[in-house]
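These notes concern the structure reproduced below.
The values are calculated or read from the model by the stated rules, or taken from the named source; none is laboratory data. Keep in mind it's a predicted model, so treat the numbers as computed, not measured. Cβ placement follows ideal geometry from the backbone for every residue including glycine, while neighbour counts extend to all protein chains displayed. Protein only, heavy atoms only, side chains kept; ligands, DNA and RNA dropped before computing areas. Shrake-Rupley method; radii C 1.70, N 1.55, O 1.52, S 1.80 Å.
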Amino acid sequence: MNLLGLYNYWVFAVLLMIGFYAVVAKTNLVKKLMGLSLFQAAVFLLYITMGKITGGTAPILQKGVSDAVFSNPLPQVLILTAIVVGISTTALGLGIVVRIQEEYGSIDEKDIQEIDRR
Amino acid sequence: MTILDAHLPVLPVVVPMLIAPLVIMLRPRGLAWAAATATSSMAFLIAMALAAGALDGEAQRYALGAWAAPYGIELSVDSFGALLLLILTGASTLALLAGKASLDQQLEADRQPLFLSAWLLVLAGLSGILISADAFNIFVFMEISALASYILVAGGPDRRAMPAVFKYLIMGTIGATFYLIGIGLVYMMTGTLNLTDIQVRIQDVSDLRPILVAAGFITVGLGLKAAVFPLHVWLPNAYNFAPHAATVFLAACATKVSLYILLSFDFVVFQQNLIGHEMQFAAFLMPLAVLGILAASAVALFEPNIKRMLAFSSVAQIGYILLGASMVSLLGMTASLMHMFNHALAKGALFMAVMCLAMRFPSLELDALAGAAKRMPWTMGAFVVGGLSLIGIPGTAGFTSKWYLITASMEFGGAGWLLVAVIVLGSLMAVAYIWRVVEVTCFRQPETGPVEVSEAPRLMLTVTWLVALANVYFGLSPWLQTRLAEGGARMLLGEMP
C-alpha cells in the first residue's frame with residue numbers, strides 16, 4: 001500500500017479534477033465539453049484499474065494451463081458501454097454548440113448572457 | 001396472456017424502445033403523434049398491471065434472458081417503483097394527449113416525428129431506471145433518458161432553449177458521472193452490481209471508507225440530477241424553454257426518478273451497513289431541503305414569468321419530498337413518497353393550464369396575461385384547482401401529503417415544530433405566488449378593450465380538467481398513493497423502526 005503503488009488512482013484523481021476545473025472555469029463552450037470528456041475519461045481509468053490484477057492475464061481458458069491468474073473482464077465491458085455514452089454526450093453537446101453559434105454568433109458563455117440580457 | 005404476465009416487468013422498457021425508431025418513419029401529419037400516444041398509453045396499462053401486483057404486496061422480479069441474479073441482470077418492481085411508474089407513464093400519456101395542438105404550434109411538422117421518438121426514449125429510459133435492480137444498468141438507462149430529454153428541451157422554439165439545454169447537459173453529465181464513480185467504488189469493494197447482492201456483501205467488507213466515499217458521490221451526483229437545492233440551477237431555464245408539452249412530462253416525473261435511485265441507494269443499499277448512515281443522510285439533506293423550500297418559494301414569489309415561477313416551485317417541492325425522507329421515519333418516508341405522486345398531479349395540472357394559456361397568449365409574462373380568465377375561464381379554473389392542490393388545501397391531493405409531513409415532523413417534539421413552521425411558511429408562500437397569478441388574470445383589466453371567450457382546443461382542455469379533477473379525487477380518497485407509498489416506505493426502511 002505504498003503511495004506509488006496507487007499511481008493509477010492518483011492519475012484518476014488528477015485527471016478528474018483537471019476536467020472538472022475546465023467545466024467550471026472555462027467560458028468557451030467547446031472547452032467546457034473538452035473538460036467534460038476528460039472528466040469522464042478519468043472515470044474510465046478508475047474502472048480499468050480496478051479490474052487489473054498484478055500478473056493477471058486475459059481471461060481465456062488455455063489447454064494445459066490450470067493455475068493462470070485472470071484479470072477481471074467485467075469493468076472493461078462496463079466501461080465500453082460508458083465510453084459509448086461519453087461519445088454520445090460529447091456529440092450531442094457539440095451539436096448544441098453548433099446551434100448556439102448559429103443562433104447567437106458566439107460560443108462564449110459571457111457573450112451569450114450579454115446577448116440574452118439585451 | 002400468461003406469457004405476457006410473466007414478462008410484464010420488462011415491457012415498460014421494451015415497448016417504447018422498440019416503437020421509438022419506428023416513429024421517425026411516420027412522416028404523414030399526426031401519425032407519429034398517434035403512434036407515440038398509443039405506445040405511451042400501452043405503457044400506462046402495463047404500469048397499472050404492475051401497480052395492481054404491487055398492491056397485492058408481491059415484489060415482481062424478472063431475470064433478463066433467464067440468467068439468474070446475481071450473474072444476470074435482474075429487474076424488480078416493488079410498490080415504490082410501481083408508484084413512480086404510474087406517475088411516469090400517466091404523465092407521458094396525458095401530456096401527449098393534451099399536447100397535440102401545442103406541439104403543432106411549437107414544432108414544425110417535419111421535426112415532430114424526431115421529437116416524439118426522443119420522447120419515447122425518455123419514457124423507456126426512465127422506466128428502465130425504475131424497474132432495474134442492477135446499479136450499472138441504472139446508469140445506462142439514466143443516460144438514455146438524459147440524452148433524450150436534452151433533445152426534448154432543445155426542441156423549444158425560443159433560442160434561449162439552447163444555452164439552457166447546454167447547462168442541463170453539463171450538469172446532468174457531471175451528476176451521472178459522479179454516480180458512475182460511486183458504483184465503481186462499490187463494485188471495487190463488493191464485486192457485484194446487483195442491488196440486493198451489494199446489500200448482503202457490504203456486510204463482509206472490512207474497510208468501509210470507500211463505501212462511505214461512494215455514498216457521498218452517489219448522493220451528490222443524484223442530488224444534482226434531482227435538482228436538490230442548491231444544485232438546481234439547470235432546472236428553471238430547462239423547464240421554461242422546453243416545449244410546453246415536454247415541460248408537463250418532465251416536470252411531473254424526471255427529477256422524481258432520480259430521487260427514486262437516491263433513496264434506493266441511501267436506504268436499501270447503505271443504510272443498514274454504514275454506521276450512523278441515517279444520521280449522515282439526514283444531517284446532509286435536511287438543511288438543503290429546508291433551504292430549498294424557503295429559497296425557491298421566495299424566488300417564485302418575485303418571478304415575472306409564470307412558467308418559470310412554476311419551475312422554481314418545483315425546486316421547492318423537491319425540498320418537501322427530501323424533508324420527508326430525511327426524517328427517516330415511517331410516517332416521514334410515506335409522506336415523501338406520497339408527495340411525489342401528489343406533486344406530479346398538481347404540477348401536471350398547472351403546467352397543462354399554462355400550455356392552454358400559451359395557445360392563446362404569445363407571452364407568458366404575468367403582465368401580458370391580464371384579464372386572461374375572461375378569455376379562458378375554463379383554463380384558469382383548472383389552474384386554480386391545480387394551485388389549490390399545490391398549496392395543500394383540504395380536499396385536494398396536495399393536502400394529504402402535507403398532512404402526513406406535518407404529522408411526521410411533530411413526532412420530533414420541540415425541533416419538529418421548526419419543521420412544521422417551515423412547511424407552513426412554504427405553503428403560505430405558495431398561496432402568495434398562486435394568488436398573484438389569479439389576481440392578475442381574474443381581476444386586472446386587459447389593456448385592449450373587451451375580449452371574447454376563446455378557449456384552448458377542446459382535447460387539451462378536457463385532459464387538463466381530467467388532471468385537475470384527479471387532484472380532487474385523490475384528495476378525497478387517497479387510497480392509491482397512500483397504500484403504494486406506505487409499501488414503498490416499509491421496503492426502504494427495512495428493519496428499522
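Each listed q (0.15 Å⁻¹) maps to a log10 I(q)/I(0) for region B:9-94, found by the Debye formula over equal Cα scatterers with no solvent: -0.62. Charge tally around B:GLN317: other residues with Cβ under 12 Å, Lys/Arg +1 each, Asp/Glu -1 each, net +3.
Globularity index of chain B is 0.93 (Cα radius of gyration / 2.2 N^0.38 Å, N = number of residues).
With the cut-off at 1.5 for a/c, could you classify region A:1-93 from its C-alpha gyration tensor as rounded, prolate or oblate? Judged from the Cα gyration tensor, region A:1-93 comes out oblate (a/c at least 1.5, b/c at or above a/b). Placing +1 on the Cβ of every Lys and Arg and -1 on the Cβ of every Asp and Glu, with no other charges, gives region B:79-176 a dipole of roughly 200 debye about its Cα centre. Put the Cα centre of region B:229-266 next to the Cα centre of region B:143-165 and the gap is 13 Å. Taking θ as phi - 60° and the Karplus parameters 6.51, -1.76 and 1.60, the scalar couplings of region B:381-387 work out to x, 5, 4, 5, 4, x, x Hz in sequence order, x denoting glycine and proline. Evaluated with a Cβ-only charge set (Lys, Arg +1; Asp, Glu -1), region A:23-118 carries a dipole of roughly 220 debye about its Cα centre, given to the nearest 20. For chain B, a crude dipole built from +1 on the beta carbon of Lys and Arg and -1 on the beta carbon of Asp and Glu, taken about the Cα centre, is about 1060 debye to the nearest 20. The calculated 222 nm mean residue ellipticity attributable to helices in chain B amounts to -25000 deg cm²/dmol, summing -39500 (n - 2.57) over DSSP H runs of n ≥ 4 and dividing by all residues.
Given their separation in residues at 0.36 nm each and the Cα-Cα distance between them, B:VAL420 and B:VAL438 gain 3.8 nm when the chain is fully extended. Applying a threshold of 24 Å to the alpha-carbon distances of A:LYS110/B:LYS256; B:LYS167/B:LYS225; B:LYS256/B:LYS374 flags A:LYS110/B:LYS256; B:LYS256/B:LYS374 as lying beyond it. Taken over region B:396-439, the convex hull of the Cα atoms encloses 47 Å³ per residue.
For the A and B pair, go ahead and give the buried accessible area with a 1.4 Å probe, both sides summed, in Å² to 100. Intermediate values should be presented prior to the final figure.
On the way: alone 8650 and 18600 Å², together 24480 Å².
The A and B chains share an interface burying roughly 2800 Å².
In region B:52-167, the inverse of the mean reciprocal separation of distinct Cα atoms equals 15.9 Å; this is its Kirkwood hydrodynamic radius.
Could you sort the residues of region B:176-203 by number and keep only those whose accessible area is reduced by 20 Å² or more in the all-protein-chain setting relative to the chain alone, 1.4 Å probe? Correct list: B:THR177, B:PHE178, B:LEU180, B:ILE181, B:GLY184, B:TYR187, B:MET188, B:LEU193.
Give me the net charge for the shell around B:LEU350: Cβ to Cβ below 15 angstrom, other residues only, Lys and Arg +1, Asp and Glu -1. Walk me through the numbers on the way to the answer.
On the way: positive: B:LYS307, B:ARG308, B:LYS347, B:ARG436; negative: B:GLU303.
Its environment carries a net charge of +3.
For chain B, the carbon plus sulfur part of the accessible surface works out to 69%, probe radius 1.4 Å.
Reachable aspartates and glutamates from B:LYS100, Cα under 13 Å, same-chain residues fewer than 8 places away excluded? Once the sequence-local aspartates and glutamates are set aside, what remains near B:LYS100 is B:GLU108.
A 1.4 Å probe over all protein chains sorts B:LYS225, B:LYS256, A:LYS26, A:LYS63 by accessible area into A:LYS63, A:LYS26, B:LYS225, B:LYS256, starting with the largest.
Using R₀ = 22 Å, calculate the FRET efficiency as 1/(1 + (r/R₀)^6) where r is the Cβ-Cβ separation of B:LEU469 and B:GLU58; round to 0.05. My answer for the efficiency is 0.10. Charge tally for B:VAL248 (other residues, Cβ to Cβ under 12 Å; Lys, Arg +1; Asp, Glu -1): +2.
Solvent-accessible surface of the protein assembly as shown, averaged per residue with a 1.4 angstrom probe and all protein chains in place: 40 square angstrom. Overall size of region B:157-232 from C-alpha positions, given as principal axis extents largest first: 54, 21, 16 Å.
With θ taken as phi - 60° and the Karplus curve 6.51 cos²θ - 1.76 cosθ + 1.60 applied, the whole-hertz 3J(HN,Hα) list for region B:297-307 is 5, 5, 5, 4, 4, 10, 7, x, 9, 6, 5 Hz, x standing for glycine and proline.
3J(HN,Hα) couplings calculated from phi for region B:249-260 with the Karplus curve 6.51 cos²θ - 1.76 cosθ + 1.60 (θ = phi - 60°) are, in sequence order, 5, 5, 5, 6, 9, 4, 6, 5, 5, 5, 5, 4 Hz; Gly and Pro show x.
Take each peptide in B:36-47, B:83-94, count the other Cβ atoms within 10 Å of every residue, and average; sorted highest first, the result is B:83-94, B:36-47. Here chain A exposes an accessible surface that is 65 percent carbon and sulfur, computed with a 1.4 Å probe and the other protein chains kept in place. Using alpha carbon centroids, what distance separates region B:392-436 and region A:43-118, in Å? When both Cα centres are located, 44 Å separates them.
Given 20 °C and 1.002 mPa s, compute D for the protein assembly as shown with the Stokes-Einstein relation, Rh being the Kirkwood radius over Cα pairs; round to the nearest whole µm²/s. Intermediate values should be presented prior to the final figure.
On the way: Rh = 24.9 Å.
Taking Rh from Cα pairs, D becomes 86 µm²/s.
Ranking B:PRO304, B:MET338, B:GLY386 by Cα position along the charge dipole of chain B, where only Lys, Arg, Asp and Glu carry charges on their C-beta atoms, puts B:PRO304 farthest toward the positive end.
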